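All remarks here apply to the structure that follows.
The values are calculated or read from the model by the stated rules, or taken from the named source; none is laboratory data. Note that the structure is predicted; figures quoted are calculated from it, not measured. Don't worry about glycine lacking a Cβ; one is built from the backbone with ideal geometry, like all the others, and counts go over all protein chains shown. Quick note on the areas: whole protein, heavy atoms, side chains included, nothing else; ligands and nucleic acids left out. Shrake-Rupley method; radii C 1.70, N 1.55, O 1.52, S 1.80 Å.
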Amino acid sequence: MALVTDLLDWLQSLPPAGVTAGAGLLVFGETTLGLGFITPGETGLLILGTTANSTGKFLIMWLVTTVCAIAGDTVGYLLGRRFGPRLRQTKVVEKHGAEAWDRATDLLRRRGSAAVLVAIFLPVLRTLLPAAAGASGLPLRRFLPAVAVGAAAWCALHIGIGTAAGEAARRLESLVGAGSWVLLGLIVVTAVAVLVVKRRRVRAAAR
């Protein structure tokens, strides 16, 4: 039983329009304030990127996800403009990204629109920076061009990684067989479990 190959074949058997729309929604959620802490936009784009196994599919998914990323960032920016620094005190930001919000506003003060290009590639900061940009008063005419360039590069990068990873996984499975993937999965699960236990012990000791 070829576990990874079967999964990739199943993903590629899904309706292309549905897969592309799903990728777009995940990216929109990732880039909109608050939803980025819930929706696995980056991970989802990597997984769905495995279906972009032709130039046409890649370009369509890239175009759709880029538009959705720009739309999500714009929503975040407008929320920042509407509610201003009060967003810093919301439960979502306080719980998941208060420190990231402070980093984002500091980066915006020092770098302006260049900060938008940098933050797009940084987890958590990517979700918060559009709203922070709106709250800080960064002009929309400076925000949008930076977002467009950064979103296009971010989407292309993750779709490309997903495509390459899918092809590499197929080749690797054909060499090592499905049994090795099961063993690898058990090792990864064990490593993650050990890491979680260690973190909990460290937190308990700190308390």
Quiz prompt | Tabulated pairs, segment 137-161, first closer than 14 Å to G112 by Cβ, second open to solvent by less than 10 Å² (accessible area, probe 1.4 Å) and among the hydroxyl-bearing types (S, T, Y), C-beta under 6 angstrom, 6+ apart or interchain | solution = F143/Y77
Exercise. Find the residue count for segment 109-124, including only residues that are surrounded by 14 or more Cβ atoms within 10 Å (Cβ to Cβ) and over 25 Å from L45 (Cβ atoms).
Key: 1
Quiz item: Which members of segment 52-70 meet the condition of being modelled with pLDDT of 85 or more, open to solvent by less than 20 Å² (accessible area, probe 1.4 Å) and within 14 Å of T163 (Cβ to Cβ)?
Solution: M61, T65
Quiz item: Consider T39 against the criteria (1) surrounded by 15 or more Cβ atoms within 10 Å (Cβ to Cβ); (2) at pLDDT below 85; (3) part of a helix (DSSP H, G or I); (4) β-branched (V, I, T): it satisfies all of them except one. Which criterion is unmet?
Solution: (3)
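In segment 24-33, what residues are over 18 Å from A148 (Cβ atoms) and either modelled with pLDDT of 80 or more or assigned to a helix (DSSP H, G or I) (or both)? Give the derivation first.
The first filter runs over segment 24-33 and keeps only residues over 18 Å from A148 (Cβ atoms), leaving 25-26, 29, 33.
Of everything in segment 24-33, those that are over 18 Å from A148 (Cβ atoms) and either modelled with pLDDT of 80 or more or assigned to a helix (DSSP H, G or I) (or both) turn out to be L25, L26, G29.
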Quiz item: Is it the case that segment 132-140 has a residue that's surrounded by 14 or more Cβ atoms within 10 Å (Cβ to Cβ), within 17 Å of the chain's Cα centre (by Cα) and part of a helix (DSSP H, G or I)?
Solution: no
Quiz item: Among (1) closer than 30 Å to C68 by Cβ; (2) modelled with pLDDT under 85; (3) open to solvent by 60 Å² or more (accessible area, probe 1.4 Å), which single condition is T127 missing?
Solution: (3)
